[in-house]
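Enquirer: The structure under discussion is supplied below as structure tokens; questions concerning it will follow.
None of the figures in this text is laboratory data; all of them are computed from the coordinates on show. Since the structure is predicted, the reported quantities are computational estimates derived from the model, not experimental observations. No Cβ is skipped: glycine too gets one built from the backbone with ideal geometry, and neighbour counts run over all protein chains shown.
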Amino acid sequence: MNLGLIHPPAFAGVAGLIVIVMASPVAGSYLAFGIVFLTGLAVVFMRGDWRRARGLEQLILFGPIFYAAPVAGFGAEHFTLTDGIASIIPAWIPWHVFWTLLLGACFIAGGLSLVTGIQARLTATLFGITFFLFVALMHGPSWAHDPHNRTALTVALRETSFSGGAFALAGSLSDRTRQSSARWLATLARYFVAIPVLFFSVEQFLHGSQVPGVPLERITPAYVLGHSIWTYAAAVVYAIAGVLLLVNRKTRPAAAWLGLTVFLIELLVYVPIGAVDRASLGNGFNYMADTLMFCGAVLLLAGAMPCETVSASTG
């Protein structure tokens, strides 16, 4: 997230990407998303991690990509939806537009940092702090102003899970001299993910007709195969995994299976939504990217949990 930490060629690439983004809002967000996503895939396969991993451990490798690509796409929105994003910054903070644009550039650079490994621990720590501040300064007060608004609470808890995923990655990248801080970050991340997951489980049981994964108000479109079944299936998995994470039992398998569930929902529900509403940031890209980032946060948590045998089969 610190632009000074990005090598000069990468900085030039970020600057060029920002120019393209400003010329075409929706295409720009998809472009930023796509560049970071493909870069991350290239790194995973070139490093050989995929060949060494087995079962759901292979899926865990994609946590940084699933987290970073949406962040880059959201960073692009800071340059195309500047006034709207600036308007939600608390009034007592000066220079709203400046912070909006700076954060957008940092999101794009930070996405590249996470997938390339360049200063990834620092970037993950800063992302964790950033999303926690979003909750403390904007989304939390917004919900407190209207405690009966379940969507506001859902958004606040979603951002909390984003913070948790970043802290989990920061902890997993810590060296041996920082093991105590790594354990502290992993514990914090576990609570930051488990509590939203349990709330999302309850919401999905209560509102089966609405979109699964991150349960916002939108009704699951009729063209989604299976329709409400995905919401109820997710609610069951969320309930089991959320409890295991909260009580600190079988945490790595629980987070991995939870991540797989969200990933399947992404493919079955949100990729079709993104394709049908591809011309819209609010109704297309954001739904797809938010859920993929939540999946990434869960997988980052899985990667930070103690190693256990994680198999893709129930046997």
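Enquirer: Sort Cys295, Cys106 so the one with the fewest other Cβ atoms within 10 Å of its own Cβ comes first.
Expert: Numbers: Cys295 29, Cys106 23.
Ordered by Cβ neighbours within 10 Å, fewest first: Cys106, Cys295.
Enquirer: Please arrange His148, His139 by how many other C-beta atoms lie within 10 Å of their C-beta, fewest to most.
Expert: His148, His139
Enquirer: What is the gain in length, in nm to one decimal, between Ile93 and Leu267 on full extension, counting 0.36 nm per residue of separation less the C-alpha to C-alpha distance?
Expert: Full extension of this stretch gives 58.7 nm more.
Enquirer: Expressed as a rounded percentage, what relative contact order does the chain have, with Cα pairs under 8 Å and six or more residues apart?
Expert: Reported relative contact order: 21 percent.
Enquirer: Specify whether the C-alpha gyration tensor of the stretch 130-258 places it in the rounded, prolate or oblate class, a ≥ b ≥ c being the square roots of the eigenvalues: rounded for a/c under 1.5, otherwise prolate if a/b is larger than b/c and oblate if not.
Expert: Since a/c reaches 1.5 but b/c is at least a/b, the shape of the stretch 130-258 is classed as oblate.
Enquirer: Would you mind calculating the gained length between Ala144 and Asn283 on full extension (0.36 nm times residue separation, minus the Cα-Cα distance), in nm to one decimal? Write out the running numbers ahead of the final one.
Expert: On the way: separation 139, 0.36 × 139 = 50.04 nm, distance 2.57 nm.
Length gained, Ala144 through Asn283: 47.5 nm.
Enquirer: If a/c stays under 1.5 just call it rounded; otherwise compare a/b with b/c (prolate if a/b is bigger, oblate if not). Do that for the stretch 3-304, with a ≥ b ≥ c from the square roots of the Cα gyration tensor eigenvalues.
Expert: Note, shape of the stretch 3-304 comes out rounded.
Enquirer: Normalised by the residues of the stretch 69-139, what does the relative contact order come to in percent, with Cα pairs under 8 Å and at least six apart?
Expert: Relative contact order, the stretch 69-139: 36 percent.
Enquirer: Now, a different point. Cut-off is 10 Å between beta-carbons; in what order do Asp277, Asp146, Asp49 appear when sorted fewest neighbours first? Before the final figure, lay out the partial values.
Expert: On the way: Asp277 18, Asp146 11, Asp49 14.
Least to most surrounded, the residues fall as Asp146, Asp49, Asp277.
Enquirer: For the stretch 36-56 and the stretch 206-274, what is the centre-to-centre distance using only Cα atoms, to the nearest Å?
Expert: What the calculation gives is 24 Å, centre to centre.
Enquirer: Counting only chymotrypsin sites (Phe, Trp or Tyr not before Pro) that sit in a DSSP loop (anything but H, G, I, E, B) with at most 15 other Cβ atoms within 10 Å, what is the longest stretch of the chain containing none of them?
Expert: The segment 96-222 is the longest one with no such site.
Enquirer: Sticking with this structure for a sec: In the Gaussian network model of the chain, springs joining C-alpha atoms below 10 Å, which of Pro272, Pro196, Pro70 carries the largest mean-square fluctuation?
Expert: With Cα springs under 10 Å in the chain, the top fluctuation among Pro272, Pro196, Pro70 is at Pro272.
Enquirer: Round to the nearest 0.05 the FRET efficiency obtained for Val43 and Cys307 when R0 = 25 Å and r is the Cβ-Cβ distance.
Expert: With a Förster radius of 25 Å, E is 0.70.
Enquirer: Amide H neighbours of Gln210 under 5 Å, at least 5 residues apart or on other chains, H built in the peptide plane: list them.
Expert: Thr220
Enquirer: Quick check: from the Cα gyration tensor, does the stretch 63-192 come out rounded (a/c under 1.5), prolate or oblate?
Expert: Numbers: a/c = 2.09, a/b = 1.32, b/c = 1.58.
Oblate shape, in that a/c is at least 1.5 and b/c is the bigger or equal ratio.
Enquirer: Given Cα pairs under 8 Å that are at least 6 residues apart, what percent is the relative contact order of the stretch 66-220?
Expert: 17 percent
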